[in-house]
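Have a look at the structure below before the remarks.
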Amino acid sequence: MTGTPTRVRIVEVGPRDGLQNERRPVPTAAKIELIERLAEAGLPVVEATSFVSPRWVPQLADAEDVLSGLNRRAGTAYPVLVPNLAGLERAIAAGAREVAVFTAASETFNRKNINAGIDESFDRIRAVNDRAGSVDLPVRGYVSCVLGCPYEGDVDADAVVRVAERLIEAGCYEISLGDTIGAGTPTRARNLVQAVGASIGLTKLAVHFHDTRGQALANVFACLEAGVATVDASVSGLGGCPYARGATGNLATEDLVYMLHGMGVETGVDLDALVDAGLFISRLLGRRPASRLGQIAALRAEESDT
């Protein structure tokens, strides 16, 4: 084992990955307020939105307005997801300073998700990365279904390694390994990051766990022990996947930060401010927070009102 890092960089994905599947429209101003609250809480990265087609993701049709409307905090990055060159050009015009691309380790999931196989997805990714490179935009890469696929079942680690290698070759500076359906367990998660890390280097790896089976925090802990120092999470546990039946939200950022601080690991995040941001978006969506800390805070607020 490499050993647990003394500091972990958290990539907050709630405003994009968390909100993209919400049926109830979230006002643009509320999205901006959520992003700014998360940044003020000290999160170093807040993924702001996605420049996908509004036809496919109506919730994010206001991507330009969200990104251009932000009061950006020094020290926080605001990457955006782009599916293709058209999305990238929109992002550049709106003032994006970092972008992310995505593919999957499962051929079937890729076709269901983006109507393209893995090889076809890399044609798009290389085009995006080449154009982003021409204007000095860093590109992050996401890999979905790294520990299981809703259509193909278990995913072989070698398949994940190959996709991660191709993303690095295409110019991505970091690869986020996504357990899209929450199928992973700690030993499998650690073995996977060790396999991918042996190929591209642990410093270029992030992990992204869904909590479908209650394993997300345990999986993160196992990956931290292996030396991973970047973790994706979503405020209030927002999120899910329309192509992965039963896949619940992402790991809640509040619960992740609580664990890390309890372990003596630095994050730079103000936990109280983060919990407040989670309560803000949960109230807006009309439901209780999915994070354990948020639930405690919500109950205390109700008790104080009675």
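Here, each number is a calculation from the coordinates, and none is a lab measurement. Fair warning: this is a prediction, and the values are worked out from it, not measured in the lab. Using ideal geometry, Cβ is built from the backbone for each residue, glycine included, and neighbour counts are taken over all protein chains shown.
Points worth noting:
- Contact map, region 249-274: first residue within 17 Å of ALA229 (Cα to Cα), second residue among the polar types (S, T, N, Q) and surrounded by fewer than 24 Cβ atoms within 10 Å (Cβ to Cβ), Cβ cut-off under 6 Å, separation 6 or more or different chains; pairs are VAL257/THR267; LEU260/THR267.
- Sole residue being touching a strand residue (DSSP E or B) at 6+ places or on another chain (Cβ under 7 Å), crowded, with 16+ Cβ neighbours inside 10 Å and farther than 23 Å from GLU47 by Cα, chosen from GLY184, GLY178: GLY184
- Residues that are among the charged types (D, E, K, R) and outside any strand (DSSP E or B) were ranked within region 9-36; the one that is nearest to HIS210 (Cα to Cα) is ASP17.
- Neighbours by Cβ (under 8 Å, 6+ apart or cross-chain): first from region 23-35, surrounded by fewer than 17 Cβ atoms within 10 Å (Cβ to Cβ); second among the polar types (S, T, N, Q) and assigned to a helix (DSSP H, G or I): PRO25/GLN59
- For region 64-91, the set of residues classified as assigned to a loop (DSSP other than H, G, I, E, B), small (Gly, Ala, Ser) and touching an Asp or Glu at 6+ places or on another chain (Cβ under 8 Å) is empty.
- Within region 37-63, tally of residues that are surrounded by 19 or more Cβ atoms within 10 Å (Cβ to Cβ), over 14 Å from the mean Cα position of the chain (by Cα) and either among the small types (Gly, Ala, Ser) or assigned to a strand (DSSP E or B) (or both): 3
- So VAL257, is it assigned to a helix (DSSP H, G or I), surrounded by 23 or more Cβ atoms within 10 Å (Cβ to Cβ) and not polar (S, T, N, Q): yes
- In the set (1) farther than 20 Å from GLU107 by Cβ; (2) touching a Ser or Thr at 6+ places or on another chain (Cβ under 7 Å), VAL161 fails one condition alone, (1).
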